[in-house]
Amino acid sequence: MPDGTIRGLRRLLALALVLGATLAGGYLAVVGYHQSRHLSVGEIRMSVSPGHRGALDVYVPLVDWGARFEAIRLPVRVRVDLQTVNRPLATSLARGESLNVAQVRAETRDALADYLKRLIALTVLCAAALGLLTAFAIRSRVPRLRWTISLATLTAVGIGVAMVVLLPPRGPIKDPQYYAHGPDIPRALEALEAARRTSGNLDQELDAQLVGLARLVLNPGRRPSLAGQPTVTVASDLHNNTFGLGVLEGAADGGPVLFAGDLTDRGSPLETAVVRRTVRLGHPFVFVSGNHDSDFLSHELATAGAIVLTRQGRLLPKGGHGPMVVRVAGLRVAGYDDPFERHSSDSFKDHYDNAPDPTQQSAFAAWLTPLLDKVDVVMVHEPALIEPALKTLAPDHPIVFVVGHTHSAALDHHGDVTVINGGSVGAGGTGNLTEHTDIGIARFVFSVKPSFQPLAADLITIDPGTGSSSARRTRLDSVGSDAG
């Protein structure tokens with residue numbers, strides 16, 4: 001090989017070594033530098049974790065709760081961890097005093113700005129230092145030292161410029177995603193806690209979370225543990241999408257399943273054969289029909305061993321009806337079959353206009369009234385069917401309604417009345433190709449001794465396109481009714 005070629009390769013190798021050393025020096029500074037700062041709410045720790053989708057994370061390790069803002073363009077995650085809590089402030093929040101959110105934001109912004117400035121400066125210095133050291137270390141083998149020095153210097157400056165432009169959060173910091181990783185999130189789905197809020201509601205959400213944190217710090221023993229408490233899985237709207245069966249099986253984990261309708265699209269014999277195995281996913285599998293189900297499907301499920309509930313009582317495998325209220329995991333459960341359920345005698349015809357009218361709503365209210373003292377859970381597919389009854393409902397004990405139909409996870413909890421909608425476990429069904437719908441499912445935690453008491457509800461969603469999942473736990477008991 002000619003001497004000129006050898007010298008050229010040596011120069012390229014030397015430049016590559018200097019470039020690699022410069023980048024490595026900057027990377028080590030980014031991952032290694034962190035800073036702590038005392039604010040009015042407590043002590044925060046700021047750090048950067050490369051290799052993630054750009055985001056600003058505000059995290060509270062004490063309660064395993066965080067908020068993520070996608071406001072950073074560099075592929076790094078800037079973390080602000082609340083390490084300690086100002087106890088006097090927590091005490092004042094627990095007594096109902098307000099939090100100066102604007103002040104906390106200003107303090108956090110200033111602390112973060114100072115940290116980022118120091119981080120950028122340190123990164124440039126470390127990158128340049130390691131690059132220049134490498135350049136001098138190999139200078140005897142490279143005739144032109146100025147090339148390697150220039151490369152190290154320019155690369156370090158380039159890193160600094162990129163960080164100045166891309167690292168600080170730009171624009172309004174809004175639309176947070178809330179998350180958690182604690183044992184209270186269903187392990188079968190390994191979900192993150194997520195919820196969308198507008199910037200106008202963010203102050204209220206921060207207030208609520210800090211009040212909950214204050215209660216926990218002041219008297220942690222008041223918030224009962226959910227470990228060992230009975231749990232049921234809530235699902236609906238599979239719409240014959242068998243992909244959702246694996247999600248349902250993982251969430252149920254051999255426990256009871258309350259399925260609030262629309263297991264199929266038409267309730268036809270072919271569809272029934274496909275989804276009949278859902279009966280084995282719950283022990284027991286409790287079902288009420290939806291507007292996409294049929295009388296044929298209900299009888300098939302009852303024959304296969306499911307508990308099929310109707311307004312006349314439990315549907316028996318050989319026809320007829322049994323008790324109006326059944327026992328499931330200690331719960332007293334009743335169900336109301338959908339008024340628009342399809343019929344085999346009518347070739348499973350779709351009613352299309354399936355919004356319940358006042359007569360149907362009144363019929364449901366009349367059915368519910370004598371059952372109020374006898375049930376803990378009522379299963380109904382269509383939320384609109386129960387709306388008038390909810391407005392006048394005044395039970396003397398907790399009661400939970402399990403609904404579906406909307407394909408959107410939702411939780412409504414006021415006093416002794418809770419309405420749980422798990423969303424669509426089938427992501428809207430196999431025919432839903434134009435509208436993006438997440439896979440949705442819920443889990444309901446409760447106690448039955450000395451009497452029925454709802455404790456918590458988990459709403460879990462999964463993006464069928466990316467596989468990313470999210471969940472939110474809401475405490476339903478009177479002591480720990482805050483979200484989280």
Output yes when any residue across the range 277-285 is of a type in the set (Gly, Ala, Ser) and outside any loop (DSSP other than H, G, I, E, B), and no when none is. no
Under 23 Å from Val78 (Cβ atoms), at pLDDT 65 or above and assigned to a strand (DSSP E or B) - does that describe any residue in the range 170-178? yes
Please determine, by comparing only the residues of the range 323-341 that are within 23 Å of Gln361 (Cβ to Cβ) and surrounded by fewer than 21 Cβ atoms within 10 Å (Cβ to Cβ), which one is farthest from the chain's Cα centre (by Cα). Met324
Quick one: which of Ala106, Ala137, Ala94, Ala121 is among the small types (Gly, Ala, Ser), within 25 Å of Tyr33 (Cα to Cα) and at pLDDT below 90? Ala106
Residues of the range 324-372 classified as in contact with a His (Cβ under 9 Å, 6 or more places away or on another chain) and either among the basic types (Lys, Arg) or free of Cβ contacts under 8 Å to residues at least 24 places away in the same chain (or both), total: 2
Here's a check for you: in the range 253-283, which residue that is of a type in the set (A, V, I, L, M, F, W, C) and modelled with pLDDT of 85 or more is surrounded by the most Cβ atoms within 10 Å (Cβ to Cβ)? Phe259
Scan of the range 408-423 for residues that are of a type in the set (Ser, Thr, Tyr) and at pLDDT 90 or above, ordered by number: Thr418
By residue number, the members of the range 22-45 that are surrounded by 14 or more Cβ atoms within 10 Å (Cβ to Cβ), free of Cβ contacts under 8 Å to residues at least 60 places away in the same chain and within 18 Å of Glu107 (Cβ to Cβ) are Ser36, Gly42, Glu43, Arg45
Return yes or no: is Arg342 in contact with a Phe, Trp or Tyr (Cβ under 8 Å, 6 or more places away or on another chain) and not β-branched (Val, Ile, Thr)? yes
Pairs returned, first residue in the range 117-134 that is β-branched (Val, Ile, Thr), second residue that is crowded, with 21+ Cβ neighbours inside 10 Å, beta-carbon separation under 6 angstrom, 6 or more apart or interchain, are Ile120/Met163; Thr123/Gly26; Thr123/Ala29; Thr123/Val30; Val124/Ala156; Thr134/Val18; Thr134/Ala21
Of all strands (runs of 3 or more DSSP E) fully inside the range 375-430, the set with 2 or more residues that are assigned by TED's automatic domain parsing to the domain that holds Arg314 and touching a Cys at 6+ places or on another chain (Cβ under 7 Å) is none
Restricting the range 424-466 to residues that are hydroxyl-bearing (Ser, Thr, Tyr) and more than 17 Å from Val328 (Cβ to Cβ), the residue that is modelled with the lowest pLDDT: Thr434
What number of residues within the range 315-344 satisfy the criterion of being outside any loop (DSSP other than H, G, I, E, B), more than 17 Å from Glu382 (Cβ to Cβ) and either outside the structural domain of Leu371 (by TED's automatic domain parsing) or in contact with a helix residue (DSSP H, G or I) (Cβ under 8 Å, 6 or more places away or on another chain) (or both)? 2
Among the residues of the range 384-401, is any modelled with pLDDT of 90 or more and under 23 Å from Arg266 (Cβ atoms)? yes
Yes or no: the range 230-240 includes at least one residue that is surrounded by 24 or more Cβ atoms within 10 Å (Cβ to Cβ), part of a strand (DSSP E or B), in contact with a Gly (Cβ under 8 Å, 6 or more places away or on another chain) and among the hydroxyl-bearing types (Ser, Thr, Tyr). yes
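The values are calculated or read from the model by the stated rules, or taken from the named source; none is laboratory data. Note that the structure is a prediction, hence the values are computed from the model and not measured. In this analysis, Cβ positions are derived from the backbone assuming ideal geometry, glycine residues included, and neighbour counts consider all displayed protein chains.
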